[in-house]
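Here the structure is laid out as C-alpha cells; the discussion comes afterwards.
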C-alpha cells in the first residue's frame, strides 16, 4: 500500500476475511474501507428503469488519454457531470 493509500473491500461473496499486517497499514497511514453493494435484483431493476426512461449521463468534458492530468484537475475543481478520458 502506498503512503496514505486505501484498500477497498467490495462485497464479501468470497468470504469476509482480510489478512495482512495492521502495523504496515498504520505505519503507511492507510485506510481499509468496506463498500457495500446492493443485491442483484435491485441492480437489474435499476438497469431496466434506466433503459425504460432512456437516462443518459451528463458529460462535463472529454479529454484525450495524454491529457489525463488536466482531466483530474477538472475533477478537483468540482465538475458537474462525468469527466471522460478517451483511450
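For the chain, the relative contact order works out to 25 percent when only alpha carbon pairs closer than 8 Å and six or more residues apart are counted. You can think of it this way: the chain between residue 65 and residue 77 has 2.4 nm of extra reach, that is 0.36 nm per residue less the Cα-Cα gap. Derived value for the chain: Kirkwood hydrodynamic radius 16.8 Å. Basis is the mean of 1/r over every pair of different alpha-carbon atoms.
What is the gain in length, in nm to one decimal, between residue 19 and residue 85 on full extension, counting 0.36 nm per residue of separation less the C-alpha to C-alpha distance?
Working: separation 66, 0.36 × 66 = 23.76 nm, distance 3.46 nm.
Fully extending the segment from residue 19 to residue 85 adds 20.3 nm.
Between 20, 34, 11, the GNM of the chain built on Cα springs shorter than 10 angstrom shows 20 fluctuating the most. In this simple spin-label approximation, residue 35 and residue 2 carry label points 7 Å from Cα along the Cα→Cβ vector, and these lie 1.6 nm apart.
Where a number appears in this text, it was derived from the coordinates with a stated rule and is not lab data. The structure displayed is predicted, hence computed values, not measured ones. Positions of Cβ are backbone-derived with ideal geometry, glycine not excepted, and every protein chain shown enters the neighbour counts.
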